[in-house]
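The values are calculated or read from the model by the stated rules, or taken from the named source; none is laboratory data. All values reported here derive from a predicted model rather than from experimental measurement. When we count neighbours, we look across all protein chains shown, and the Cβ atoms used for this are built from the backbone with ideal geometry, even at glycine. These accessible areas exclude ligands, DNA and RNA; they are computed on the full protein's heavy atoms, side chains included. Shrake-Rupley method; radii C 1.70, N 1.55, O 1.52, S 1.80 Å.
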Amino acid sequence: MAGLLDRAKAAYHALRGLEAAAPTRRWRDTPQPRAEASYVSAGASVVAARAQNYVMNNATGARIAQALPDQLVGTGIVPRAGHPVETVRKMLARGFSLWADQADADGRCDFFGIQLGLVRDMVVLGEGLGVWMADAMTGAPQMRRLHPEQLDRSKSDGRLINDGVEFDAFGRIVAYWIRRAGPNLDALSAAALAPERWPAADVVHIFRPLFPGQIRGLSWLTPVLVPANTLVQLIDAMIERCRVSALHVGFIVAPDGEPVYEGETYNGTTDVAMEPGAMVDIPPGTDVRFSEPPDAGNVPEFVASILRMIAAGVGMAAEQLSGDYSQVNYSSARAALLEFRRFAQTIQHQVIVFQLCRPAWRRFLLWQVLSGRISATAFRTAEADFMAVKWLPPKWDWVDPLKDSEAAVLQINNRLVSRAQVVAEQGYDIEELDAEIAADQARMKRLGIEPVVLPAAPAPSPEPAP
């Protein structure tokens, strides 16, 4: 017994040595540790609804919901086939381009529009949800974008189904339980329909995994909704304060209680008009007291501080969130954009490409095989060559075009990077670019247009002799 007490005392003193783990009054109101999955399962849908309201009714929220998907997807993350045969690569590129225009089952956008919509859902609602189906006429695979809440959170058995996601005995996802209509999602639906089981291969479910074992996504606005709501209330209060202050210019106090000015009296209150530059005769004994509202402090700086907090919480630069670049210089803007681009590239390749683009490429290839455009024998013997693909996000605009292009040329000339890498970073395909350059040169030669000869760069002047 004594040994047990000694170990308990030692553990208690060890906790006291770590302030972050100590049971002090500083942590009295802090929630006790619990599994991350329980947080998401219990509150993700409420957070998603509040985030949706924020982006629909607040200018800052609307900016986040527009700017982040635009930066992550933009005009689309396009595939570049990696098959070793050039003719096959061209055939795949043309086939994917034609299929992309009919990829949306609802016919409202192309495949790249689906990318943008699902990523916006992931940012605002925490996850993007889509299901695969086949075109009735051509059999081409098509995707229908669904509201994430149609993935039924109530479908759980405590063992193999959790939050609408079904697993096998090894913990692998095998199916999703999706409602075709849900509350307030379908105007024709009076009540939620029972969920239907969809095989995992027919569902695209994208979200940013924050911890091991995460099943459902969490809105990217989760860390900022509280300060954002506080900021909205502050701005509303300041607007109301300014409005009320403007209404109350001054107060006239007469010793006998009689009205001093002429005006309309209602319920004992006289509405007195004050005109600029007026000379007013004040009776003896009358006191005029002007409204002097208290100073609210440096509100603009406080608002800017909250906006910087919100920008940091969603992974954006402060000037990206506000759209105000008047207070930044080249160095600070470049540093902020480089950091944001590193974050964006992580999401592009580790989330969007892996969870959405790669399954779409495989779906496209299988359709090409089933439709006879690709030989089944060729695909079976060289499946890895057909599956090889590189997804190219939209190019990043130069921060300083001259300096950045000179740096790229310097790296290429010193064999530090390849032309293909530099071109890919700009969102282009090196083979298409070289083909266009060759076509331009052939056309100029055919038309007798002389190429422009650029002057040679001046040689550096020698160092003066000591």
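Things worth noting here:
- Filter result for the condition that a residue is in contact (Cβ under 8 Å) with a residue 60 or more places away in the chain, of a type outside the set (A, V, I, L, M) and farther than 23 Å from Arg145 by Cβ, over Tyr325, Tyr330: Tyr330
- Unique residue being within 21 Å of the chain's Cα centre (by Cα) and not in a loop (DSSP other than H, G, I, E, B) when the list is Leu210, Leu218, Leu231: Leu231
- Residue within segment 163-180 that is at pLDDT 90 or above, hydroxyl-bearing (Ser, Thr, Tyr) and buried (at least 18 other Cβ atoms within 10 Å of the Cβ) present: yes
- Elements of type strands (runs of 3 or more DSSP E) in segment 137-178, at least 1 residues being within 28 Å of Ser371 (Cβ to Cβ): 141-146, 173-178
- The number of residues in segment 96-109 that are touching a residue at least 12 places away in the same chain (Cβ under 8 Å) and in a loop (DSSP other than H, G, I, E, B) comes to 4.
- Set side by side, the residues Val280, Val272, Val288 differ, and just one is open to solvent by 60 Å² or more (accessible area, probe 1.4 Å), of a type in the set (Val, Ile, Thr) and modelled with pLDDT under 70, which is Val280.
- For segment 69-109, the candidate set comprises residues that are open to solvent by less than 50 Å² (accessible area, probe 1.4 Å) and of a type in the set (D, E, K, R); within that set, the residue that is modelled with the lowest pLDDT is Arg89.
- Here Val119, Val55 are screened, and the one residue that is hydrophobic (A, V, I, L, M, F, W, C), more than 18 Å from Leu225 (Cβ to Cβ), in a helix (DSSP H, G or I) and in contact with a Leu (Cβ under 8 Å, 6 or more places away or on another chain) is Val119.
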